[in-house]
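Okay, so here's the structure we're looking at.
Taken together, the values in this text are just the output of simple stated rules run on the coordinates, not laboratory data. Just so we're clear, the structure is a prediction, and the values are computed from it rather than from any experiment. We place every Cβ from the backbone using ideal geometry, glycine too, and count neighbours over all the protein chains shown.
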Amino acid sequence: MKKKVLTLLLAAVMGASVCACGSSEKSGGSISVVQTEPLESSEEDAEGGAEADQDTEEDTAPDYDVEEQVLLDSEGIKITATGLSINEFHGYLELNLSVENQTDTDIGIGTCSAQIDIPAGVGNYVYLNGYQVDSSILIDVPAHSTADDTCTFYWDDLKEAGIEEIGEIELAFNIHDSDYNDILTGEQTKCTIRTTLEEEPDTELSDDMPLLLDAGGWQIYGKYVPADEEMPEDKGHILAVCRNVSGSSAQLHFSEIAVDGTVLTYEASIGGTLNIGDHYYENPEHAVICSEYFSAADNVPEISDSSVITAVLEASGSETGDYSNVQTLGTVTFPIAE
C-alpha cells in the first residue's frame, strides 16, 4: 500500500536538503575567517553542549521500547527483535532486527501479504495497535551469516488519525530463497510484540475522525485533510480508518472520489481516463489506514471550507470470501479537518 505521495514528499525533503547544503557551501566560499588562537570554552559551555546533544538524541526516540526477544527460530533461521528507534531523517518508527541464517541457502526477509488466508499478494501484514500501516523491510542474509537491519513503519497517517503511542506490533515475515521460493511465510511467521509502554495500546481515534458509515461488515471513520500550503504538489487527501467487522477477510474499494460533484480522474499511461481510488485488503477484527491523495488526479477543482468531499465505498469478499461479488456500501461525505 505504498502511497503515491510518499515519493513526492521524500523528493521534496531531499531536494530541500540539497539546496540547503548548496547555499551553505556558497556562503562559506564568500566569507574568509582567520582564527589566530583557539577558542576557549568553559566547563559550563561543555556541559550545556552535552545536555543539548542528549536532548537531541532523546527527541529522536520514543519513550518506550521493545525488549530484546526472539520472534522466530525455525528451519535454521532465527529472527531477534533488538529494539525500537526513530528514523533520524523522516521520523518513521523502526523495529531493529537481527537475522541469523544457519542454513546453506542465501535468504531474503520481507513481510507477507496483508491477507494470510487468501493468495492475493497485496499489502503487508503489519499492525500497530491493531491498525494496518505501510511498512518496508528487505534483509538479505547469505548462508551461515548474520545481518542486522530494520523494519520501517510509515506511521504518519496513523498519528494524523490520533494514534501516537504504540503498545503492540503485529507482523508476519516472508522468508524466501534467492529464487524467491518461500521457505517460511504466513501463519508460520506471525508474531505479536508488546512494547514497554506502560499503558494499554492506544486505539482511540481523534475527535475529528467521526464514524461516517457502518454497513456491510465495515465501519468507516474519516476526514478530508487540506493541502499543505508549503508543498505546492500537495492537493489534500482523504484520511480514513476502515475497520473490518465482517468476521472474514475482505476488500474495500474507494470509488468515484469527488469534490463538489467532480469525480477525480487521471490520464492512464496505457491511454484513457481512470478514476483515482485504491483497493484495501483487511483481516477480520482489524483496521486499515487508508489515504487517498488528490495529487494523483489531474482535475482537482478549487477546494474551500464549504466544499463537499465524497466517495463511493465498495466491498467484496466480506462474509462470503467471493472477491468478484462487489457490494456497494454507500456514498460517504468526509468532513474537512480544520
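Computed on the range 129-194, the Cα convex hull volume stands at 108 Å³ per residue.
With both labels modelled 7 Å from their Cα along Cα-to-Cβ, the HIS144 to LEU211 distance reads 6.0 nm. Any chance you could list P(r) for the range 233-296, counting all Cα-Cα pairs in 10 angstrom bins from zero, rounded to whole %? Final binned percentages: 20, 43, 28, 10. Computed over the range 182-338, the convex hull of the alpha-carbon atoms projects to a mean area of 13.0 nm².
Projected onto its three principal axes, the C-alpha set of the range 189-277 covers 50, 37, 30 Å, listed from the longest axis down.
At full extension, ASP63 and SER178 could sit 37.6 nm farther apart than now, given 0.36 nm per residue minus the alpha carbon distance. Using the empirical formula 2.2 N^0.38 Å as the baseline, the Cα radius of gyration of the range 71-202 reaches a ratio of 1.05. In this simple spin-label approximation, ASN325 and GLU200 carry label points 7 Å from Cα along the Cα→Cβ vector, and these lie 3.6 nm apart. Stretching the chain fully between ASP106 and SER248 yields a gain of 47.5 nm (0.36 nm per residue, less the alpha carbon separation).
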